[in-house]
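The structure appears below as structure tokens.
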Amino acid sequence: MEYAYLAKIYDHLMNEVDYQKWTNYIESFMNKSPSVENVRTLELACGTGNITIPLGEKGYELTAVDRSAEMLSQAQQKSLARDLQIDFYQQDILNLTLQREYDNILCLCDGVNYVLDLDDLDEFFRKVYSLLKRNGVFIFDISSYYKLKEILGDNTFGEDLGEITYLWENFFSAEGESI
């Protein structure tokens, strides 16, 4: 997927999402971790930093990864505007080269849904596990099979937001369906 243009308008398209509330919810799970520090956090598929930035403002030591240089650029600009120290890396979540261990690893906004092959998914979870400190927490979300098939399915959505008008066409393929 090409993010060169989408990165510039992504936050505008997602303005209805209460990222602060979502961050607080995610943090409530992070705080249940028996990890001693519970501070060093890795966010995978961080996009424009809508979860990363609020966590940075709460004092977490953050590393954020995304495949898209354009999305990372938006996140870095927001981070610099708030005088936050966040390490950003352009990496695909299937080819992580990070070596540190983390108290928390996050992969939100359906990032795991981009892993389409079962062998890749297995390898992804193994890599995440290897990056977690003992008693660390991995928090992720996915769009469910039901949502992908029944809600998004073969539907088209559109909206006129004033300065941006979009049409979003979906195609559901049951190829390889074994669930």
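Show the residue pairs meeting these rules: Cβ distance below 7 Å; 6+ apart or different chains; first residue within segment 102-116 and among the acidic types (Asp, Glu); second residue assigned to a strand (DSSP E or B) and open to solvent by 40 Å² or more (accessible area, probe 1.4 Å).
From segment 102-116, the pairs are Asp103/Arg40; Asp103/Lys133.
Determine if segment 155-165 includes at least one residue that is in contact with a Leu (Cβ under 7 Å, 6 or more places away or on another chain), without any contact (Cβ under 8 Å) to a residue 40 or more places away in the chain, exposed (fewer than 14 other Cβ atoms within 10 Å of the Cβ) and not small (Gly, Ala, Ser).
Within segment 155-165, one or more residues are in contact with a Leu (Cβ under 7 Å, 6 or more places away or on another chain), without any contact (Cβ under 8 Å) to a residue 40 or more places away in the chain, exposed (fewer than 14 other Cβ atoms within 10 Å of the Cβ) and not small (Gly, Ala, Ser).
Looking at the structure I just gave you, is Gly47 closer than 21 Å to Phe29 by Cβ, of a type outside the set (S, T, N, Q) and free of Cβ contacts under 8 Å to residues at least 24 places away in the same chain?
no
What about Leu62, is it in contact (Cβ under 8 Å) with a residue 24 or more places away in the chain and out of contact with any helix residue (DSSP H, G or I) (no Cβ under 7 Å at 6 or more places or on another chain)?
On the way: in contact (Cβ under 8 Å) with a residue 24 or more places away in the chain: yes; out of contact with any helix residue (DSSP H, G or I) (no Cβ under 7 Å at 6 or more places or on another chain): no.
Considered against the rule, which asks whether it is in contact (Cβ under 8 Å) with a residue 24 or more places away in the chain and out of contact with any helix residue (DSSP H, G or I) (no Cβ under 7 Å at 6 or more places or on another chain), Leu62 comes out as no.
From (1) among the hydrophobic types (A, V, I, L, M, F, W, C); (2) farther than 29 Å from Pro34 by Cβ; (3) crowded, with 21+ Cβ neighbours inside 10 Å, pick out the condition that doesn't hold for Leu108.
All conditions pass for Leu108, except number (2).
Do we find a residue being touching a helix residue (DSSP H, G or I) at 6+ places or on another chain (Cβ under 9 Å), closer than 19 Å to Asp141 by Cα and modelled with pLDDT under 95 anywhere in segment 71-93?
no
Could you go through segment 18-31 and let me know if any residue there is open to solvent by less than 40 Å² (accessible area, probe 1.4 Å), part of a loop (DSSP other than H, G, I, E, B) and touching a Ser or Thr at 6+ places or on another chain (Cβ under 9 Å).
No.
Taking segment 32-48 only, how many residues are assigned to a loop (DSSP other than H, G, I, E, B) and either out of contact with any Ser or Thr (no Cβ under 7 Å at 6 or more places or on another chain) or among the aliphatic types (A, V, I, L, M) (or both)? Lay out the reasoning, then the answer.
Of the residues in segment 32-48, the ones assigned to a loop (DSSP other than H, G, I, E, B) are 32-39, 45-48.
Now narrow it down to the ones that are either out of contact with any Ser or Thr (no Cβ under 7 Å at 6 or more places or on another chain) or among the aliphatic types (A, V, I, L, M) (or both): 32-39, 45, 47-48.
Count: 11.
Checking Ser68 against (1) modelled with pLDDT of 95 or more; (2) farther than 19 Å from Val137 by Cβ, which single condition isn't satisfied?
(1)
I'm told Ile179 meets every condition in (1) in contact with a helix residue (DSSP H, G or I) (Cβ under 6 Å, 6 or more places away or on another chain); (2) modelled with pLDDT of 80 or more except one. Can you identify the failing condition by its number?
(2)
Name the one entry in Asp83, Asp117, Asp66, Asp92 that is crowded, with 20+ Cβ neighbours inside 10 Å and either acidic (Asp, Glu) or touching an Asp or Glu at 6+ places or on another chain (Cβ under 6 Å) (or both).
Unique residue meeting the criteria: Asp66.
How about segment 62-179: which strands (runs of 3 or more DSSP E) wholly inside it have at least 1 residues that are more than 20 Å from the chain's Cα centre (by Cα) and within 22 Å of Gly49 (Cβ to Cβ)?
So the answer is 165-169.
So which of Gly56, Gly49 ends up being more than 23 Å from Tyr3 (Cα to Cα), at pLDDT 95 or above and open to solvent by less than 50 Å² (accessible area, probe 1.4 Å)?
Gly56
Could you count how many residues in segment 134-154 are among the β-branched types (Val, Ile, Thr), open to solvent by 80 Å² or more (accessible area, probe 1.4 Å) and under 14 Å from Cys107 (Cα atoms)?
First, pick out the residues of segment 134-154 that are among the β-branched types (Val, Ile, Thr): 137, 139, 142, 151.
Of the ones still in play, those that are also open to solvent by 80 Å² or more (accessible area, probe 1.4 Å) are 142, 151.
Subsequent filtering for residues that are under 14 Å from Cys107 (Cα atoms) retains 142.
Number of matching residues: 1.
The values are calculated or read from the model by the stated rules, or taken from the named source; none is laboratory data. Since this is a predicted model, take the numbers as computed values, not measurements. Every residue, glycine among them, receives a Cβ derived from its backbone with ideal geometry; neighbour counts consider all protein chains shown. These area figures cover heavy atoms from the full protein model, side chains too; ligands, DNA and RNA do not enter into them. Shrake-Rupley method; radii C 1.70, N 1.55, O 1.52, S 1.80 Å.
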